[in-house]
Amino acid sequence: MARSLRVASEYIAKVKSAYNVKGYFTQESLAIAVGLSLATIKNFLSGKPVDSGNFVKICGKLGLDAEAIAYKEPETQPPQPNSNITLEETSPFITGSPITHPRHFFGRQRELRRLFDLLKRYPLQNAAIIGKRRIGKTSLLHYLKNITTTPPEKLRSGQKYDWLPQPENYQWIFVDFQDRRMAGKDRLLGYILECLNFKVPNPCSLEYFMDEVSDNLHNPTVILLDEIGVGLQRCPELDDEFWESLRSLATNHTRGNLAFVLATHESPIELARNTGHSSPFFNIFGYTATLGALTEAEARELIASSPIAFPEEDVEWILHQSKRLPLLLQILCRERLFSLEEGETNNNWQEEGLRQMQPFADLLRACL
Ligand SMILES: Nc1ncnc2c1ncn2[C@@H]1O[C@H](COP(=O)(O)OP(=O)(O)OP(=O)(O)O)[C@@H](O)[C@H]1O
Ligand SMILES: [Mg+2]
């Protein structure tokens, strides 16, 4: 279970009526009955995140099904075909799709320290993650969003998760501009409001969005903008007025509670220039992390995560051929693991690994 849970917006009315029906006529009396603070009760009743143990406790008192009324994150990746599959049964090496579960994510410790440093104090500050195709931008956005609230038992041993003082207070919104639905202004603004658990009118105007967020955003909130270049190139509705409003919201109207982290192939200012945008939104990214190879220690940790240990000379070969680029490390580890599982005793896996790396030769060249 997640470390914090909140009531889904469609259940808030039901929760409020259950609380009256059960004879708790004030929030104080409910707080006393469950032995929790008034602030926790207020957060629960207004759909804000509360500790999952407290969430279950309050639901128990009110006779509500905690599982059914809890807000569920919209999936950004297709769900596992069989939800009974445990992590141990999932593929140890993932090659292609972004890493969404923190357990499969390695390295980037320096970038993470810098990014969380910007997000752990007021005002939250904006950052841009820059990197070539397939270098790991989307995986890093997912990691930021998930690592601080993933229960430690679902992480690798020693994996750091206590990056933020009160992670349960944070709200994370992932926007993928490759998703066509995000190309329309109404739909995008509606999606952000929905994630924040605010009312969503239809249509949702920019003015309404600005009022709603500036009046009601009281928790630290990070909006992750993936593939923003696509948003700028292909979504004419997302014009300079739109981006300027977002900038004004983050800088002047949310009391330091709102930050953007974007992922892109080139610097935000270049990106804006190359796509004919002049909005000052693209000047607010005071920190940029440029992704490249993992450090040697990080790359070795990824290789050592194989369920069957690799001989030392193979580890050296993989480090050398992959140039410590995460996707290439994953491909070579996958091939080596497969050959060990099949009981092969020759070096054909190396030939196959190099062949599988071929489509990503550009990545190798760009990072040399
Ligand atoms: N930190 C990481 N730990 C382990 N593997 C990683 C990591 N980052 C990236 N990878 C590997 O690289 C692949 C590509 O990652 P990702 O999709 O995040 O890159 P991207 O930069 O967003 O690519 P694109 O530019 O195509 O959107 C993943 O499938 C995975 O194999
Ligand atoms: Mg990506």
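Relative to the compact globular guide of 2.2 N^0.38 Å, what is the alpha carbon radius of gyration of region 140-189, as a ratio?
Normalised Cα radius of gyration, region 140-189: 1.50.
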(request) Please work out the Cα convex hull volume for region 92-151 and give it in Å³ per residue. (result) 86 Å³
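Stokes-Einstein D for region 199-274 at 10 °C, 1.306 mPa s, Kirkwood Rh over Cα pairs, in µm²/s? Intermediate values should be presented prior to the final figure.
Working: Rh = 13.6 Å.
Translational diffusion coefficient: 117 µm²/s.
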(message) Relative contact order of the chain, please, whole-number percent, based on alpha carbon pairs below 8 angstrom and at least 6 residues apart.
(response) 19 percent
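How much length, in nm to one decimal, is gained on full extension between HIS265 and LYS42, taken as 0.36 nm per residue of separation minus their Cα-Cα distance? Don't skip to the end; give the middle numbers.
Working: separation 223, 0.36 × 223 = 80.28 nm, distance 4.24 nm.
Taking 0.36 nm per residue and subtracting the Cα distance, the gain is 76.0 nm.
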(message) Among VAL15, THR288, VAL175, whose Cα projects farthest towards the positive end of the dipole of the chain, with charges put on the beta-carbon of Lys, Arg (+1) and Asp, Glu (-1)?
(response) VAL15
(message) Could you tell me the center-to-center distance, by alpha carbons, between region 210-277 and region 139-168 in angstrom?
(response) 25 Å
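Restricting to DSSP loop positions (anything but H, G, I, E, B) with no more than 10 other Cβ atoms inside 10 Å of their own Cβ, which GluC sites (Glu not before Pro) remain in region 324-363?
Values: sites: GLU335, GLU341, GLU342, GLU344, GLU351, GLU352; in loops: GLU342, GLU344.
Of the GluC sites (Glu not before Pro), the ones in loops of region 324-363 whose Cβ has at most 10 other Cβ atoms within 10 Å are GLU342.
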(request) Could you run the Karplus curve 6.51 cos²θ - 1.76 cosθ + 1.60 with θ = phi - 60° over region 164-172 and give me ³J(HN,Hα) per residue in whole Hz, x for Gly and Pro? (result) 10, x, 9, x, 5, 7, 7, 10, 10
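Report the charge-dipole magnitude of the chain in Debye, nearest 20, computed about the Cα centre from +1 at each Lys and Arg Cβ and -1 at each Asp and Glu Cβ. Write out the running numbers ahead of the final one.
Numbers: 41 positive and 45 negative charges, 197 e Å.
Roughly 940 debye, rounded to the nearest 20.
Once the Cα gyration tensor of region 102-290 is found, what semi-axes does its equivalent ellipsoid get, as square roots of 5 times the eigenvalues, in whole Å, sorted largest first? Don't skip to the answer; put the middle values down first.
Details: eigenvalues 133, 80, 46 Å².
So the three semi-axes of region 102-290 are 26, 20, 15 Å.
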(message) In the chain, if the dipole is taken from +1 on Lys/Arg beta carbons and -1 on Asp/Glu beta carbons about the Cα centre, which of ILE32, LEU144, PRO49 is farthest to the positive end?
(response) ILE32
(request) Would you please state the base-10 log of I(q)/I(0) at q = 0.17, 0.19, 0.26, 0.28 1/Å for region 4-69, with intensities from the Debye formula using one equal scatterer on every alpha carbon? (result) -0.47, -0.60, -1.24, -1.49
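What number, rounded to the nearest 500 deg cm²/dmol, is the helix-based mean residue ellipticity at 222 nm of the chain, given -39500 (n - 2.57) per DSSP H run of at least four residues and division by all its residues? Each step should come with its number before you reach the end.
Values: 17 runs with 160 residues, N = 368.
One gets -12500 deg cm²/dmol as the mean residue ellipticity at 222 nm.
Under 12 Å from the Cβ of LEU246, count the other residues' Cβ atoms, weight Lys and Arg +1, Asp and Glu -1, and hand me the total.
On the way: positive: LYS185, ARG247; negative: ASP239, ASP240, GLU241, GLU244.
Residues near LEU246 contribute -2 overall.
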(message) I'd like the accessible area for TRP317, computed on protein heavy atoms only with a 1.4 Å probe and all protein chains in place. Round to 10 Å², please.
(response) 50 Å²
(message) Based on the alpha carbons, how large is the Rg to Rh ratio for the chain when Rh follows Kirkwood?
(response) 1.01
(request) Please give the helix 12-21 orientation as an angle from the longest Cα principal axis of the chain, in degrees from 0 to 90, rounded to the nearest 10. (result) 50 degrees
(message) Can you give me the solvent accessible area of GLU10 with a 1.4 Å probe, rounded to the nearest 10 Å²?
(response) 130 Å²
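Mind putting a number on the dipole of region 4-69 about its Cα centre? Charges go on the C-beta only, +1 for Lys and Arg and -1 for Asp and Glu, and I need it in Debye to the nearest 20. Don't jump to the answer; show the numbers that get you there.
Values: 8 positive and 5 negative charges, 26 e Å.
I would put it at about 120 debye.
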(message) For the chain, set up a GNM with springs between Cα atoms under 10 Å and report which of ASN146, ASN346, ASN257 has the largest fluctuation.
(response) ASN346
(request) Apply the Kirkwood formula to region 251-361: the hydrodynamic radius equals the inverse of the mean of 1/r over all pairs of different alpha-carbon atoms; give it in Å with one decimal. (result) 17.1 Å
(request) Read phi for every residue in region 178-185 and hand back ³J(HN,Hα) as whole Hz from Karplus 6.51 cos²θ - 1.76 cosθ + 1.60, θ = phi - 60°, with x for Gly and Pro. (result) 6, 6, 3, 5, 7, 6, x, 4
(message) Between 0 and 90 degrees, rounded to the nearest ten: what's the tilt of helix 312-322 against the longest Cα principal axis of the chain?
(response) 70 degrees
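When the chain is fully extended, how far beyond the present Cα-Cα distance does ARG273 get from ALA366, taking 0.36 nm per residue of separation? It would help to have the intermediate numbers written out before the result.
Details: separation 93, 0.36 × 93 = 33.48 nm, distance 2.27 nm.
Gain on extension, ARG273 to ALA366, equals 31.2 nm.
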(request) Enter the accessible area per residue of the chain (Å², integer; probe 1.4 Å; all protein chains in place). (result) 49 Å²
(request) Would you check the accessible area of ILE32, probe 1.4 Å, heavy atoms only, in square angstrom rounded to 10? (result) 140 Å²
(request) Count the lysine pairs in region 116-166 whose Cα atoms sit under 17 Å apart, keeping only pairs 8 or more residues apart in sequence or on different chains. (result) 5
(message) Compute a Gaussian network model of the chain, connecting alpha carbons closer than 10 Å, and tell me which residue from PRO307, PRO123, PRO167 fluctuates the most.
(response) PRO307
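Run the dipole for region 182-333 about the Cα centre, Lys and Arg Cβ at +1, Asp and Glu Cβ at -1, nothing else charged, and hand back the magnitude in debye, nearest 20.
On the way: 10 positive and 22 negative charges, 33 e Å.
The dipole magnitude comes to about 160 debye.
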(request) Give, as ranges by residue number, the residues of region 314-338 whose backbone N falls under 15 Å from the point 7 Å along Cα→Cβ of GLU344. (result) 314, 318, 331-338
(request) Treating the angle as unsigned and between 0 and 90°, give the value, to the nearest 10°, between the Cα long axis of helix 109-119 and the longest Cα principal axis of the chain. (result) 20 degrees
(message) Which residue fluctuates most in the GNM of the chain (Cα springs below 10 Å): PRO326, PRO220, PRO165?
(response) PRO165
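The values are calculated or read from the model by the stated rules, or taken from the named source; none is laboratory data. As the structure is a computational prediction, the values presented were derived from the model and not from experiment. FYI the Cβ positions are ideal-geometry reconstructions off the backbone, even for glycines, and counts take in every protein chain you see. Keep in mind that these areas ignore ligands, DNA and RNA; they rest on the heavy atoms of the full protein, side chains included. Shrake-Rupley method; radii C 1.70, N 1.55, O 1.52, S 1.80 Å.
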